[in-house]
1. Please report, ordered by residue number, the strands (runs of 3 or more DSSP E) entirely within the stretch 45-147 with at least 1 residues that are touching a Gly at 6+ places or on another chain (Cβ under 6 Å).
2. In the stretch 42-57, how many residues are crowded, with 21+ Cβ neighbours inside 10 Å and closer than 23 Å to A22 by Cα?
3. Taking the options A143, A201, A168, A190, name whichever one is surrounded by 18 or more Cβ atoms within 10 Å (Cβ to Cβ), out of contact with any helix residue (DSSP H, G or I) (no Cβ under 9 Å at 6 or more places or on another chain) and modelled with pLDDT under 60.
4. Output the qualifying pairs, or none if there are none: Cβ atoms under 8 angstrom, residues six or more apart or on different chains, first residue in the stretch 126-151 and more than 20 Å from G28 (Cα to Cα), second residue part of a helix (DSSP H, G or I).
5. Listed residues V83, V110; which is crowded, with 17+ Cβ neighbours inside 10 Å and β-branched (V, I, T)?
6. Taking the options T102, T121, name whichever one is loosely packed, with under 15 Cβ neighbours inside 10 Å, among the β-branched types (V, I, T) and out of contact with any Pro (no Cβ under 6 Å at 6 or more places or on another chain).
Amino acid sequence: MRMLTLLVAGFAVAVMGSSVGAAPTLDGFANAGEYAKVVYDTPGETAYAAHLDIDTFQFDTSGGYYNVVLTVVSPPVDKTGGVTSQLRQAEFWTIFRDSTGTTDLYAVDVMMNAAGPFMFTLVDYTNATLTPLGLADVMVADAIEWRVAQSMMPLLPGAPYVVAQVVAQLDNRGQAPDDQISTGPIPEPATLVLLSLGAVAGLAARRRK
């Protein structure tokens, strides 16, 4: 009986001490095991500044939020966009598509400069609306981390690992190439796709209309 009690107690501690079921902490860092889905970018890219070269895109649905964190190869994120940035700004936008990967549903956009994030918005392509989001829901440090209430994006499923297709871009707002990362439909094994600059430029133009 004592052994059974110890086993139960040990299991309870293990569960409480794990990240299973716990919402990610919004602190601008990607802690190990914090996010349910991790997608790695193509390694060895040399066209991007080290502090703007995407390493991972991580996604989680818990606590009533869609949670996202983007890490870079050499942290911290350069919020000014690096020496080639015309505006001394960086931008991280994420597009959520439908299950076919062909129709854009939502986009979340983070604009930042040396002082930190100064604009955080949600684009709803289905209603052609743009909604400002609270800056308290985005943090930039070693990584770029944000959360949006699931109620703001009702066409996306709420269960972990279930999201259609996600395309993310880290943009230095001028001159240097931008880095992109894409997931395939989840929960199928993710396929990393490095999008052509032409395709991304089309998406960016559509987003800004």
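The values are calculated or read from the model by the stated rules, or taken from the named source; none is laboratory data. The structure displayed is predicted, hence computed values, not measured ones. Reconstructed Cβ throughout: ideal geometry from the backbone, glycine too, with neighbour counts over all protein chains shown.
1. On the way: elements: 54-62, 65-72, 90-97, 104-113, 116-124, 129-132, 138-140.
Qualifying strands (runs of 3 or more DSSP E): 54-62, 90-97, 138-140.
2. Looking only at that region, the number is 1.
3. Working: A143 fails: modelled with pLDDT under 60; A201 fails: surrounded by 18 or more Cβ atoms within 10 Å (Cβ to Cβ); A168 fails: modelled with pLDDT under 60.
Selected residue: A190, the only one of A143, A201, A168, A190 that is surrounded by 18 or more Cβ atoms within 10 Å (Cβ to Cβ), out of contact with any helix residue (DSSP H, G or I) (no Cβ under 9 Å at 6 or more places or on another chain) and modelled with pLDDT under 60.
4. T131/M152
5. Working: V83 fails: crowded, with 17+ Cβ neighbours inside 10 Å.
After ruling out the rest, the residue left standing is V110.
6. Details: T121 fails: out of contact with any Pro (no Cβ under 6 Å at 6 or more places or on another chain).
Result: T102 is the single residue among T102, T121 that is loosely packed, with under 15 Cβ neighbours inside 10 Å, among the β-branched types (V, I, T) and out of contact with any Pro (no Cβ under 6 Å at 6 or more places or on another chain).
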